[in-house]
Amino acid sequence: MKILFINGPNLNMLGIREPGIYGNSTYEDLLGIIRGHCNNAGVECDFYQSNHEGDLVDRIQQAYSDGTDAIVINPGAYTHTSIALLDALKAVALPAAEVHISDVDSREEFRKISYIRSACLFTVSGEGFPGYCKAADMLIEYVKGKKNDG
Ligand code: DQA
């Protein structure tokens, strides 16, 4: 099983951007945590980060035919604006989970809107970096359950 972890704009600035909200650890630290978790779980992981909406759409489309079984996505600010990302997730129809490091529901009003949520099976918000691992675990359980269903 292979999980693709997609991160949107400004998540490459983790460790620098608003440490009071996102913490002091870097994007590379995040990848290390996820890699370790996936190794322990016996699943493959792939990573993609971009600050550009169209590139994120392209990567989601690519997942349709590159052996990806599930997608964990933190679209950053595009969460709250992007119908294109919603449509891309619906187009590939892979099991997906939405992740936010911060608790988007307890911040500004505009962060309470998620355009991609309806294309995701799960949302994990406000659990920091471990939220990505929790989302991966939920997708692993879901995909395993599907396989057992035949
Ligand atoms: C975020 C929350 C978004 O509102 C914000 O624009 C981000 C990061 C999070 O991980 O908490 O860039 O998705």
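Quick notes on this one:
- Sequence-distant lysines (8 or more away, or on other chains) whose Cα lies within less than 28 Å of residue 144: 2, 90, 134
- Shape category assigned to the stretch 1-108 from the gyration tensor of Cα positions, a/c cut at 1.5: oblate
- The Cα atoms of the stretch 1-50 give a gyration tensor whose axes a ≥ b ≥ c have a/c of 1.5 or more with a/b no greater than b/c, which makes the shape oblate.
- Rel. contact order, % - alpha carbon contacts under 8 angstrom, at least six apart, the stretch 1-102: 39 percent
- Rounded to the nearest 20 debye, the dipole magnitude of the chain is 240 debye, with +1 charges on Lys and Arg beta carbons, -1 on Asp and Glu beta carbons, and the Cα centre as origin.
- Accessible surface of the chain, 1.4 Å probe: 49 percent of it comes from carbon and sulfur atoms.
- Stretching the chain fully between residue 52 and residue 105 yields a gain of 16.7 nm (0.36 nm per residue, less the alpha carbon separation).
- Förster radius 22 Å - calculated FRET efficiency between residue 81 and residue 118, Cβ distance, rounded to 0.05: 0.90
- The residues of the chain expose, per residue, 48 Å² of accessible area to a 1.4 Å probe.
- Taking a ≥ b ≥ c as the square roots of the eigenvalues of the alpha-carbon gyration tensor, the stretch 76-150 is classed oblate because a/c is 1.5 or more while a/b is no larger than b/c.
The values are calculated or read from the model by the stated rules, or taken from the named source; none is laboratory data. The model shown is predicted, which means the values in this text are computed figures rather than measured ones. For neighbour counting, all protein chains shown are included, and Cβ atoms are generated from backbone atoms with ideal geometry for every residue, glycine included. Side chains included, ligands, DNA and RNA excluded: accessible areas come from the protein's heavy atoms. Shrake-Rupley method; radii C 1.70, N 1.55, O 1.52, S 1.80 Å.
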